[in-house]
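Below is one structure, written out as structure tokens; the observations come after it.
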Amino acid sequence: MSDEQVRLGELRDEIDQIDQKIMELISARAACAQEVAHVKMTANPGQDVFFYRPEREAQVLRRIKEQNPGPLSGEEMARLFREIMSACLALEKPMHIAFLGPIGTFTQAAALKHFGHSVVSVPLPAIDAVFREVESGAAHYGVVPVENSTEGMINHTLDMFMSSPLKICGEVQLRIHHHLLVSPKHGDQEITRIYSHQQSFAQCRQWLDTHRYGIERVTVSSNAEAARRAAEEPGTAAIAGDMAAELYGLQKLANSIEDRPDNTTRFLIIGREEVPASGHDKSSILVSMRNKPGALYQLLEPFHRHGLSLTRIETRPSPSGTWAYVFYIDFEGHMEDEQVRKVLAEVDEEAVELKRLGSYPIGVL
Ligand SMILES: O=C(O)C(=O)C[C@]1(C(=O)O)C=C[C@@H](O)C=C1
């Protein structure tokens, strides 16, 4: 045996022993989570038990990132723990997560990034269907896109909050990479049509104008649907992400064709209950103001005076009348915080209506 083979043998023995220890520790952790479930159930007999605790998960993942000794990156280590917690939660209660489908969309990728792979993910055809599925209790939580760094807000999601009783329980951001995809079945056939979702076309507009100018662009309901069509129809391509490419066995003709290298979409987790403070939270509200001079100033001034940082303000037409507006506002802090309580009490006095959409941990992964 060469020196190299001897050394490799020693290192692999060491890895086997470490794996054994990791397995025993993960099993001990899973048994602990089972015990946690038992405590939750006996403490709340006959009531809805909330097995999924977003604030606790955020605290665990933050601590892992902060205390990670390396050489793996904090993000990588947190992703591993994300999956361990997901498996532990599934032992307590398998979670059903509704998302804007079909399977293979970026929303599904966001759902799995946030909840890990041990959930049952349920594709639904539209944003309002995701809301309904969670409202009815058929799914525990839902995942919907809310904004893209290149294209702006997803208005349909914002407008759903005007009438829905659901709360925002979390957020997750996903870097969006689009690829130009073709089926290997169709050989080198010339591409005469490209399918994609309207948002993806918008995010790749410059690239398409430069590299595929004049080729017909056909908008379909999702990237996954675009990939499905490209897999079936010779002479067509799709713009979609990795999940859809893998699902339909497509090949990349061009990689990461989004115009902006930081192209990111933010998704919201919607659920039926309020989330306690995790220590690093954000809140969202909807406010409708009387249509009078200085209304926006009056609305924002208390945030400034109490030192609360706004992360997003968006205006939507009010369903109640022409030229009336509703403001959708995200800010740092939790509704249990003293400062936030004071600001919202002041806003409530001036507003026609103030709707608290929820406080939730700032995305960790
Ligand atoms: O701490 C809890 O409440 C748990 O249920 C345990 C645990 C975990 O595995 O750490 C699992 C699921 C929850 O979403 C949060 C944390």
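Out of everything in segment 63-83 that is within 16 Å of the ligand (Cβ to nearest atom) and of a type in the set (A, V, I, L, M), what residue ends up being farthest from His197 (Cα to Cα)?
Ile64
Considering (1) within 20 Å of Ser222 (Cα to Cα); (2) surrounded by fewer than 22 Cβ atoms within 10 Å (Cβ to Cβ); (3) modelled with pLDDT of 95 or more, say which one Asn155 fails and leave the rest.
Just one mismatch for Asn155, condition (3).
Of all residues in segment 82-100, which are within 16 Å of Thr265 (Cα to Cα) and either in contact with an Asp or Glu (Cβ under 9 Å, 6 or more places away or on another chain) or open to solvent by 10 Å² or more (accessible area, probe 1.4 Å) (or both)?
Leu100
Checking Arg132 against (1) without any contact (Cβ under 8 Å) to a residue 40 or more places away in the chain; (2) more than 21 Å from Gly271 (Cβ to Cβ), which single condition isn't satisfied?
Checking Arg132 against (1) without any contact (Cβ under 8 Å) to a residue 40 or more places away in the chain; (2) more than 21 Å from Gly271 (Cβ to Cβ), the one that fails is (2).
Is there a residue in segment 189-205 that is touching a residue at least 60 places away in the same chain (Cβ under 8 Å), open to solvent by 50 Å² or more (accessible area, probe 1.4 Å) and over 30 Å from Lys93 (Cβ atoms)?
no
State the number of residues belonging to segment 118-133 that are in a helix (DSSP H, G or I) and either in contact with a strand residue (DSSP E or B) (Cβ under 9 Å, 6 or more places away or on another chain) or closer than 27 Å to Ile84 by Cβ (or both).
Residues meeting the conditions: 6.
For segment 106-121: of the residues being of a type in the set (Val, Ile, Thr) and surrounded by 18 or more Cβ atoms within 10 Å (Cβ to Cβ), which is farthest from His178 (Cα to Cα)?
Among them, the one singled out is Val119.
Can you tell me which of Arg305, Arg316, Arg290, Arg312 is within 13 Å of Glu346 (Cβ to Cβ) and among the basic types (Lys, Arg)?
Arg305
Report yes if some residue within segment 81-94 is among the acidic types (Asp, Glu) and at pLDDT 95 or above; otherwise report no.
yes
From (1) open to solvent by 50 Å² or more (accessible area, probe 1.4 Å); (2) free of Cβ contacts under 8 Å to residues at least 24 places away in the same chain, pick out the condition that doesn't hold for Ile103.
(2)
For segment 12-26, check the following and say yes or no: at least one residue is away from the ligand (no atom under 13 Å from the Cβ), more than 25 Å from Glu273 (Cβ to Cβ) and touching a residue at least 60 places away in the same chain (Cβ under 8 Å).
Checked against the condition, which is being away from the ligand (no atom under 13 Å from the Cβ), more than 25 Å from Glu273 (Cβ to Cβ) and touching a residue at least 60 places away in the same chain (Cβ under 8 Å), segment 12-26 yields no hits at all.
Tell me, which strands (runs of 3 or more DSSP E) wholly within segment 264-365 include 1 or more residues that are in contact with a His (Cβ under 8 Å, 6 or more places away or on another chain), open to solvent by less than 30 Å² (accessible area, probe 1.4 Å) and hydrophobic (A, V, I, L, M, F, W, C)?
Those strands (runs of 3 or more DSSP E) span 264-271.
Restricting segment 42-62 to residues that are more than 11 Å from the ligand (Cβ to nearest atom) and in a helix (DSSP H, G or I), which is modelled with the highest pLDDT?
Arg62
Return the total of residues in segment 84-117 being in a helix (DSSP H, G or I) and more than 11 Å from the ligand (Cβ to nearest atom).
Total satisfying the criteria: 9.
Any chance you could count how many residues in segment 251-295 are touching a residue at least 60 places away in the same chain (Cβ under 8 Å) and either closer than 30 Å to Val134 by Cα or basic (Lys, Arg) (or both)?
Final tally of qualifying residues: 30.
The values are calculated or read from the model by the stated rules, or taken from the named source; none is laboratory data. Here the structure is a predicted model, which means the values were calculated and not measured. All Cβ positions, even for glycine, are placed from backbone atoms using ideal geometry, and neighbour counts span all protein chains on display. Side chains are part of the model used for accessible areas, which takes the heavy atoms of the whole protein and leaves out ligands, DNA and RNA. Shrake-Rupley method; radii C 1.70, N 1.55, O 1.52, S 1.80 Å.
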